[in-house]
Amino acid sequence: MTETEIIDNLLQLLFSGHNTTRSVISSIMKYLGDLPEVYEQVLKEQLEISRGKGTGELLQWEDAQKMKYSWNVASEVMRLSPPVNTNFKEAIRDFNYAGYTIPKGWKLRWATCSTHMDPEYFPNPEAFDASRFEGEGPTAYSYVPFGRGPRMCLGIELARLEIPVFMHHIVERFKWDLVNPDEKFKYDPLLEPVKGLPVRLHPRHV
Ligand code: HEM
């Protein structure tokens, strides 16, 4: 590998590993701030996990695997507000799609936002419903926040760990209000709150 390739790879890891997770965490703060009943359910699950730990005992990998409802909430957040809205693939052979012939070698752009709003796979797609991810969850390729196929995100297991662990610590310590309840999010190039999503934190233990 050349020095430039090494630098490119390191930068990709830093960018892919940090900005995506930061974007999801911002959206989780937004949805949990908006939906008190979802916040309460996440809190219930996380307090249950804390009760099984001794004073000062750190969370372990197994604890994160038990955070099923929290991960379902994070998954629904990523369905409605995917951090990455699009990417490209290259056709490795000729194929037909919806009456169009796509020749081998053409670049194709796929999109998370429209895929995630297909009512055939997600009835009432605008509604927030974490139960969509119970059991087997959505059909493969209908839900693609991490992409899919051989070049799917290689950080998915790290994200599956760090996002519910973040949820654990934030709900255990705080409730919060959104300073700008109508704040918009935009892609730049990942999904970001346009005003930085200021929140008012209320400590749970005073
Ligand atoms: C919620 C968090 C994350 C989301 C939503 C996400 C999303 C994605 C998406 C959509 C792709 C493109 C997949 C495709 O084209 O099929 C991707 C690729 C990638 N992601 Fe993530 N990612 C996340 C976290 C991470 C983390 C934590 C790391 C590493 C520490 C990471 C490293 C990568 C790398 C290296 C690739 C390129 C894989 C390849 O080209 O073979 N990602 N990610």
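The values are calculated or read from the model by the stated rules, or taken from the named source; none is laboratory data. Note that the coordinates shown come from a computational prediction; the quantities given were computed from them, not determined experimentally. All Cβ positions, even for glycine, are placed from backbone atoms using ideal geometry, and neighbour counts span all protein chains on display. The protein model used for the area step is the full one, side chains on, heavy atoms only, and it has no ligands, DNA or RNA in it. Shrake-Rupley method; radii C 1.70, N 1.55, O 1.52, S 1.80 Å.
Checking each residue in segment 105-131 for being open to solvent by less than 40 Å² (accessible area, probe 1.4 Å) and at negative phi picks out 111, 112, 116, 122, 125, 127, 130.
Residues that are within 16 Å of the ligand (Cβ to nearest atom) and more than 14 Å from residue 164 (Cβ to Cβ) are absent from segment 47-55. Of all residues in segment 136-146, those satisfying the criterion of being at pLDDT 95 or above and within 13 Å of the ligand (Cβ to nearest atom) are 143, 144, 145, 146.
In this structure, is residue 101 surrounded by fewer than 16 Cβ atoms within 10 Å (Cβ to Cβ), of a type in the set (Val, Ile, Thr), out of contact with any helix residue (DSSP H, G or I) (no Cβ under 6 Å at 6 or more places or on another chain) and modelled with pLDDT under 95? For residue 101, the condition - surrounded by fewer than 16 Cβ atoms within 10 Å (Cβ to Cβ), of a type in the set (Val, Ile, Thr), out of contact with any helix residue (DSSP H, G or I) (no Cβ under 6 Å at 6 or more places or on another chain) and modelled with pLDDT under 95 - is not met. In the set (1) away from the ligand (no atom under 16 Å from the Cβ); (2) exposed (fewer than 11 other Cβ atoms within 10 Å of the Cβ); (3) among the aromatic types (Phe, Trp, Tyr), residue 95 fails one condition alone, (2). Residues in segment 1-36 that are in a helix (DSSP H, G or I), among the β-branched types (Val, Ile, Thr) and open to solvent by 50 Å² or more (accessible area, probe 1.4 Å): how many? Qualifying residue count, segment 1-36: 3. For a quick check of your reading of the model, give me the residue pairs whose first member lies in segment 74-100 and is closer than 12 Å to residue 113 by Cα, whose second is near the ligand (Cβ under 10 Å from one of its atoms) and open to solvent by 30 Å² or more (accessible area, probe 1.4 Å), with beta-carbon atoms closer than 7 Å and at least 6 apart or on different chains. Sorted first by the residue in segment 74-100, then by its partner, the pairs are 83/20; 84/20; 86/110; 87/110.
The residues of segment 149-198 that are of a type in the set (Val, Ile, Thr) and near the ligand (Cβ under 9 Å from one of its atoms), listed by number, are 156, 163. For segment 37-58, the set of residues classified as open to solvent by less than 70 Å² (accessible area, probe 1.4 Å) and within 21 Å of the chain's Cα centre (by Cα) consists of 38, 39, 42, 43, 45, 46, listed by residue number. Residues in segment 64-85: is at least one hydroxyl-bearing (Ser, Thr, Tyr), open to solvent by less than 80 Å² (accessible area, probe 1.4 Å), farther than 22 Å from residue 193 by Cβ and at pLDDT 95 or above? Yes, the conditions are met somewhere in segment 64-85. Can you pull out the residues in segment 170-188 that are surrounded by 12 or more Cβ atoms within 10 Å (Cβ to Cβ), within 21 Å of the chain's Cα centre (by Cα) and outside any strand (DSSP E or B)? Within segment 170-188, 170, 171, 172, 183 meet the criteria.
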